[in-house]
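Below you'll find the structure, written out as structure tokens, and then a few comments.
The values are calculated or read from the model by the stated rules, or taken from the named source; none is laboratory data. Just so it is clear, the model here is predicted, and its values are computed rather than measured. Every residue, glycine among them, receives a Cβ derived from its backbone with ideal geometry; neighbour counts consider all protein chains shown.
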Amino acid sequence: MDKGNICLIRHGETDWNAIGRFQGREDIPLNAAGIKQIQEASESFEGETWHEIISSPLSRAKMSAEIIRQKIALANIHEESDFMERDLGEISGMTKEEAKKTFPGGNCDGMEGIQLLQERTMGALTKWAQIFAGKNIIIVTHGAVINCILTFLSDGKIEMGKAIPTNGQITLLEKCGAKMEIVFYNAEKRLISFSRN
């Protein structure tokens with residue numbers, strides 16, 4: 001039976017992250033702090049066997065993936081548009097305070113629905129897990145994407161909106177055949193062990 005690890009990591013910090021702006025599909029690059037975060041997080045992957053790395057096409061994720069790729073000497077990065085961040089519609093670019101003032105009811109135009117987000121992210125995860133069956137892969141993506149995957153795999157025990165990783169945090173899934181299991185999620189570099197007892 002094909003067995004492998006799937007590691008999800010959120011990209012490093014951007015200037016919008018630093019000032020608390022909602023960040024959807026806008027292509028905001030890493031800032032200096034974000035580069036450092038991913039350089040430190042990439043140390044977690046040393047000494048382990050990783051076969052492939054996949055990234056969202058947004059530059060903050062691709063920059064993060066490139067830092068990790070160089071650290072563990074993988075040949076290339078595969079790009080997957082369905083690992084792109086959730087479309088946040090009209091609140092994208094706003095702070096929480098601005099969003100509350102503009103949309104006091106909490107509903108805004110153009111935001112991607114949870115079901116659509118879940119369908120595309122789980123579809124992409126399943127696709128790449130099948131393409132690289134039996135291999136250990138790293139996926140560099142975004143906070144809402146990772147939260148959505150965790151919600152699905154935990155049957156809702158990890159709630160949507162309540163388990164968004166901070167920049168550079170790591171989640172580990174184990175794939176065995178058609179089944180995926182959460183080993184740990186949203187962990188800091190210093191707390192991570194990829195070994196299973």
Handout entry: Residue tally, condition within 23 Å of I164 (Cβ to Cβ), assigned to a helix (DSSP H, G or I) and not polar (S, T, N, Q), over the stretch 44-99
Key = 17
Exercise for the section: Taking E90 as the residue in question, decide whether it is under 22 Å from F184 (Cα atoms), in contact with a Gly (Cβ under 7 Å, 6 or more places away or on another chain) and either buried (at least 16 other Cβ atoms within 10 Å of the Cβ) or in contact (Cβ under 8 Å) with a residue 12 or more places away in the chain (or both). Expected result: no
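Between T126, T171, T102, which is over 20 Å from S92 (Cβ atoms), among the β-branched types (V, I, T) and free of Cβ contacts under 8 Å to residues at least 24 places away in the same chain?
Working: T171 fails: free of Cβ contacts under 8 Å to residues at least 24 places away in the same chain; T102 fails: over 20 Å from S92 (Cβ atoms).
Checking each option against the conditions leaves just T126.
Looking only at the stretch 13-38, count every residue that is in contact with a helix residue (DSSP H, G or I) (Cβ under 6 Å, 6 or more places away or on another chain) and farther than 14 Å from I138 by Cβ and tell me the total. Reasoning before the result, please.
Of the stretch 13-38, the ones in contact with a helix residue (DSSP H, G or I) (Cβ under 6 Å, 6 or more places away or on another chain) are 13-14, 22-23, 27-31, 38.
So of that shortlist, the ones also farther than 14 Å from I138 by Cβ come out as 13-14, 22-23, 27-31.
The qualifying residues number 9.
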Practice task
Output yes when any residue across the stretch 61-80 is at negative phi, among the hydroxyl-bearing types (S, T, Y) and out of contact with any Gly (no Cβ under 7 Å at 6 or more places or on another chain), and no when none is.
Solution key: no
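One line per residue, one yes/no per condition, for (1) within 26 Å of A18 (Cβ to Cβ); (2) touching a Phe, Trp or Tyr at 6+ places or on another chain (Cβ under 8 Å):
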position: F103; (1), (2): yes, no
position: M122; (1), (2): no, yes
position: G134; (1), (2): no, no
position: G161; (1), (2): yes, no
position: I164; (1), (2): yes, no
position: N167; (1), (2): yes, no
position: L173; (1), (2): no, no
position: C176; (1), (2): no, no
Problem - Top-ranked residue of the stretch 136-179 - restricted to ones that are surrounded by fewer than 18 Cβ atoms within 10 Å (Cβ to Cβ) and under 22 Å from I67 (Cβ atoms), ranked as modelled with the lowest pLDDT - result: I164
